[in-house]
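The values are calculated or read from the model by the stated rules, or taken from the named source; none is laboratory data. All values derive from a computational prediction rather than experimental measurement. Note that each Cβ is placed from the backbone with ideal geometry, even for glycine, and that neighbours are counted across all protein chains shown. Keep in mind that these areas ignore ligands, DNA and RNA; they rest on the heavy atoms of the full protein, side chains included. Shrake-Rupley method; radii C 1.70, N 1.55, O 1.52, S 1.80 Å.
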Amino acid sequence: MKLDFLKELGIHKDNSGAFTGTWQKTEGGALTVRSPIDGSTIATVQMATAADYAAASKAAHEAFLRWRNLPAPQRGEFVRRIGNAFREKKELLGKLVTLEAGKIVQEGLGEAQECIDIADFAVGLSRQLYGLTIASERPNHHMRETWHPLGTVGIITAFNFPIAVWAWNSMLALVCGDSCLWKPSLKTPLCAIAMTNIAAEVLGKEWAPLIACVIGPDAAVGGAMLDDPHVPLVSATGSTRMGRIVGPRVAQRFGRSLLELGGNNAILVMDDADLSLAVRGIVFGAVGTAGQRCTTTRRLLVHEKVIDQLTERLATAFKQCKIGDPFEQGTLVGPLIDEASAKAFDHAIQKAKDQGGKVVCGGTRAKTSAQLSGGAYVEPAIVRAPLGVPVSFEETFAPILYVMPIQNLDQAIEANNAVPQGLSSSILTGSLRAAERFLSTSGSDCGIANVNIGTSGAEIGGAFGGEKETGGGRESGSDSWKAYMRRQTSTVNYGNTLPLAQGIKFGDD
Ligand code: NAD
């Protein structure tokens, strides 16, 4: 595999795992970075230790103390230039995402585009960090709310969005006046090095510590972040298992956490749905990124009148998806991130069969060329299963689609909401009534509810996140920026007397 392009992103054969404004000499263990495409070694990273973490946190905190005083539009100007640098490096970044995370080229480029988009969004936001003015009940008084920078934002990211999730957090955090401290997944450290290098070059020596980064083990480095009083907000993206550790531990020191955790997303297909549109939306949702998106479609709740026809059409479409080298044109399904993921896939398929599910297609390891034998490739599976089959309540981070029958909309909504996760959901229907019912108060309980599109592929303009075991956090667009700031309410008296709220008389007044 040609790796020359890595140099253009500042990635070497051996890399440091701690950035405090410059890359530091680190003494943690050596991490071998392999491509999921063929298992070949790409580079090594000398990991950060707890001491390296402390140095990075200090650098980020000191940078914050200065950065918060810069007017927000000036901060936005830095972010504008970072966004432009992402634009210039889009092809290289996309290629790196493909190499290190195994996404097909189009999806790698799409992820790079998300970084550009959120930077653009953040630039506009830098002139819109509005507070409220509120009528005071007291004469000659006024009240206002002001949003102030928060501090250093700890950013923990998952392997499956190795650049975009950091960008969602850091571009907003920077315009909000915060510094950032990134702990990326150990499965995709090179993406973190590349993004840090690009942004650091724009920020220059004075401001580069704003985007500190530590690549190291969960216990020593991740744990240090969770306990760090200089990190008022930990924004953590990953499994529900991880969130169960992060949430309570950060709360224990009264820190805030923004949790973006696992999903178990359903599409409801009603009997009046456009089935051609359904097939396209479902295939992208279930098979895209080899089933490794938090918003991947994992459950299909299909009206019994159309379930046979739809399943057949889906099976035909699944079988046509080319599996293999994600760099190759035409490939739609790349590798899983590692062998452990493939084992989880095998295990879930077996469980589904044991629980009465029938594999309609796929469900086995995919045959690939000898060159790819070091990668973990699977045939995306469709499993026809009874409604409520226990395995369908779990998120298996691989391409398995459970197709289950429903008789009416109420039953479909109930089934949609029955799982512990609450990230994304969709309804495919020609009925305005059914669509609006799905979006109503007693409809889908998910953070994302779509009509006539699939569950995955969100735009950055809306707030992104989910309920229940998905963690309740919101990132990216809309007013998600508020999570990255602290709110202050001020009452100002411009009169000569001191009336008290609630009309209280105290002493002589
Ligand atoms: P993971 O939970 O294994 O790891 C995620 C990150 O958490 C990594 O950086 C990891 O090192 C870190 N981590 C794990 N334990 C930690 C601890 N004790 N202390 C500190 N850090 C710790 O998840 P993954 O396999 O990388 O990603 C897949 C999961 O992420 C799926 O469940 C997927 O649904 C979820 N995800 C959710 C969203 C979302 O926005 N809701 C987005 C992407 C991925």
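Can you check what the net charge comes to around Tyr402, using other residues whose Cβ is under 9 Å from the Cβ of Tyr402 (Lys, Arg +1; Asp, Glu -1)?
Result for the neighbourhood of Tyr402: +3.
Kindly express, to the nearest 10 degrees and within the range 0 to 90, the angle between helix 72-88's C-alpha long axis and the longest C-alpha principal axis of the chain.
So the inclination is approximately 30 degrees.
Please figure out what share of the DSSP beta bridges in the chain is antiparallel and state it in percent, rounded to the nearest 5.
Bridges in the chain that DSSP calls antiparallel: roughly 40 percent.
Among Thr98, Ile267, Val359, whose Cα lies farthest out toward the positive end of the dipole of the chain, if unit charges sit on the beta carbon of Lys, Arg (+1) and Asp, Glu (-1)?
Thr98
Can you tell me what share of the DSSP beta bridges in region 265-451 is antiparallel? A percent to the nearest 5 is fine.
Counting only bridges with both partners in region 265-451, antiparallel ones make up about 20 percent.
Taking K and R as +1 and D and E as -1, what net charge do the other residues with C-beta under 14 Å from the C-beta of Ala463 add up to?
Spelling it out: positives minus negatives among the neighbours equals -3.
Note the full-extension length gain between Ala340 and Leu500 as 0.36 nm times their separation in residues minus their Cα-Cα distance, in nm to one decimal.
Full extension from Ala340 to Leu500 adds 51.2 nm.
What distance in nm separates the two pseudo spin-label positions at Thr146 and Ala219, each 7 Å out from Cα along the beta-carbon direction?
4.6
Return the FRET efficiency for the residue pair Lys205, Ser373: r is the Cβ-Cβ distance, R0 is 51 Å, and the value is rounded to the nearest 0.05.
0.65
With +1 on each Lys and Arg Cβ and -1 on each Asp and Glu Cβ, how big is the dipole of the chain about its Cα centre, in debye rounded to the nearest 20?
400
Relative to the longest principal axis of the chain, what angle (0 to 90°, nearest 10) does the C-alpha long axis of helix 189-207 take?
It works out to around 20 degrees.
Using the Cα centre of region 265-451 as origin and beta-carbon charges of +1 (Lys, Arg) and -1 (Asp, Glu), tell me which of Thr368, Gly443, Gly422 is placed farthest towards the positive end of the dipole.
Thr368
With each label point set 7 Å from Cα along the Cα-Cβ vector, what nm distance links Asp274 and Gln74?
Between Asp274 and Gln74, the label points sit 5.1 nm apart.
Mind checking which of Thr157, Phe318, Leu203 is farthest towards the positive end of the chain's charge dipole, using Cβ charges of +1 (Lys, Arg) and -1 (Asp, Glu) about the Cα centre?
Toward the positive end, the furthest listed residue is Leu203.
Just the number, please: carbon plus sulfur as a percent of the accessible area of the chain, 1.4 Å probe, no ligands or DNA/RNA counted.
52
Restrict the search to region 59-151; then list the GluC sites (Glu not before Pro) that DSSP places in a loop and that have at most 16 other Cβ atoms within 10 Å of their Cβ.
Taking region 59-151 and a limit of 16 other Cβ atoms within 10 Å, the loop GluC sites (Glu not before Pro) found are Glu137.
Residue-wise, which Karplus ³J(HN,Hα) couplings in Hz belong to region 391-399, taking 6.51 cos²θ - 1.76 cosθ + 1.60, θ = phi - 60°, and x for glycine or proline?
Taking θ as phi minus 60°, the curve returns 4, 6, 8, 9, 8, 9, 7, 6, x Hz for region 391-399.
Take the Cβ-Cβ distance between Lys319 and Phe393 as r, set R0 to 30 Å, and report the resulting FRET efficiency rounded to the nearest 0.05.
So, using R0 = 30 Å, E works out to roughly 0.65.
If r is the Cβ-Cβ distance from Leu432 to Asp479 and R0 is 30 Å, what FRET efficiency results, to the nearest 0.05?
E(calc), rounded to 0.05, equals 0.60.
Could you compute Rg(Cα) / (2.2 N^0.38 Å) for the chain, with N its residue count?
The value comes to 1.04.
Longest segment of the chain with no trypsin sites (Lys or Arg not before Pro) in a DSSP loop having at most 15 other Cβ atoms within 10 Å?
My reading of the result: 368-504 is the longest stretch.
Going 7 Å from the Cα of Ser136 along its beta-carbon direction, which residues of region 459-490 have the amide nitrogen within less than 18 Å of the resulting point?
Residues 488-490 qualify, since their backbone N sits under 18 Å from the label point.
If you only keep lysine pairs separated by 8 or more in sequence, or across chains, how many in region 265-451 come under 27 Å at the Cα atoms?
Lysine pairs meeting both conditions in region 265-451 amount to 20.
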